[in-house]
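Written below as structure tokens is the structure these notes are about.
Every number here is computed from the coordinates shown, using simple stated rules; none is lab data. No experiment lies behind these values; they were computed from the predicted model shown. Cβ placement follows ideal geometry from the backbone for every residue including glycine, while neighbour counts extend to all protein chains displayed.
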Amino acid sequence: MHGLRLLRVLCVSGLLALAACGRDAPAEAESGTEQAGVPEDTTPPATENFERSWLGVLPCADCDGIQTRLVLLSENGARHYLLEETYLGAEGDNNFVQEGEWTEETTQLEGVDTPVYRLDPKGPSRWFWLQPDGGLEMLESEGRAALNGLDYRLQRL
């Protein structure tokens, strides 16, 4: 059983490594329209149709980690998300899927106005901080940065 957990963690780690391969660091925009160091291609206009995906393994208090895939969709002005979470090494039903609406907001993080994505803005929200490389860092409640943000990071696919 322990070997199966290790195999799952290694597979997820391999997927993350492959997702990062071949990606160049984003070039700085010359137009001056960047917001807090975030490349233009990561924050599309509200009217643009798009689909963006992120993947990572987030910390878990009582399992080996939470494999997390977040997909943000924007179609004809409507914004929806799909969040898939798999609790690695957990007993029983360990796959969860959540869907809902999302918004892009600006908040103060580390003294800078920063774009964040907020899932379910009318309910118990989850917040994700858009990073300069296009990755997402999950924030604590009310959009506060986590103490060890690297542990809460999803890489853009």
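Here are the numbers:
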| item | result |
| --- | --- |
| Any hit, region 123-134, residues being of a type in the set (Asp, Glu) and in a loop (DSSP other than H, G, I, E, B) | yes |
| Members of region 114-124 that are farther than 13 Å from residue 103 by Cα and in contact (Cβ under 8 Å) with a residue 40 or more places away in the chain | 114 |
| Residues of region 70-118 classified as surrounded by 15 or more Cβ atoms within 10 Å (Cβ to Cβ), aliphatic (A, V, I, L, M) and in a strand (DSSP E or B), total | 9 |
| Count of region 125-157 residues which are within 21 Å of residue 78 (Cβ to Cβ) and either in contact (Cβ under 8 Å) with a residue 24 or more places away in the chain or of a type outside the set (S, T, N, Q) (or both) | 5 |
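The rows are residues; the columns are (1) more than 17 Å from residue 85 (Cβ to Cβ); (2) over 15 Å from the mean Cα position of the chain (by Cα).
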{"position": "106", "(1), (2)": "yes, yes"}
{"position": "109", "(1), (2)": "yes, yes"}
{"position": "115", "(1), (2)": "yes, no"}
{"position": "124", "(1), (2)": "no, yes"}
{"position": "131", "(1), (2)": "yes, no"}
{"position": "135", "(1), (2)": "yes, no"}
{"position": "147", "(1), (2)": "yes, yes"}
{"position": "152", "(1), (2)": "no, no"}
